[in-house]
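Before any comments, here is the structure.
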Amino acid sequence: MIDKVSAEFAISGVYMPPLLVAAVLGAMTGLMILSLMNRFRISRYFKAPSLVSLSLMTILTILYDTFLI
């Protein structure tokens with residue numbers, strides 16, 4: 001039987017859970033995408049831009065957690 005390798009990240013001796021790392025990456029990527037959307041004025045087509053930003057960050061967090069971590 002193969003044991004699962006611990007997926008915790010050690011940053012300066014502090015262990016971080018993988019979902020926290022995925023959430024930080026998702027939030028940073030989401031903010032970059034949102035700033036590009038604001039620069040090219042794409043966000044004016046959304047009725048609720050704050051809901052779009054929250055859902056974009058959630059989707060990116062799930063994608064990072066599923067495929068990278």
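The values are calculated or read from the model by the stated rules, or taken from the named source; none is laboratory data. Owing to the predicted nature of the structure, the values given are computational and were not obtained by experimental measurement. All Cβ positions, even for glycine, are placed from backbone atoms using ideal geometry, and neighbour counts span all protein chains on display. Side chains are part of the model used for accessible areas, which takes the heavy atoms of the whole protein and leaves out ligands, DNA and RNA. Shrake-Rupley method; radii C 1.70, N 1.55, O 1.52, S 1.80 Å.
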Subject >> Failed condition for PRO49, given (1) at pLDDT below 90; (2) surrounded by 13 or more Cβ atoms within 10 Å (Cβ to Cβ) >> reply: (1)
**OP:** Answer yes if at least one residue in the range 7-14 is acidic (Asp, Glu), touching a Phe, Trp or Tyr at 6+ places or on another chain (Cβ under 6 Å) and at pLDDT below 95, and no otherwise.
**Re:** yes
Original post:
In the range 2-16, is there at least one residue being part of a helix (DSSP H, G or I), within 17 Å of the chain's Cα centre (by Cα) and surrounded by 12 or more Cβ atoms within 10 Å (Cβ to Cβ)?
Top reply: no
**OP:** For the range 20-46, name all the residues that are open to solvent by 40 Å² or more (accessible area, probe 1.4 Å), part of a helix (DSSP H, G or I) and over 27 Å from ILE69 (Cα atoms).
**Re:** ASN38, ARG39, ARG44, TYR45
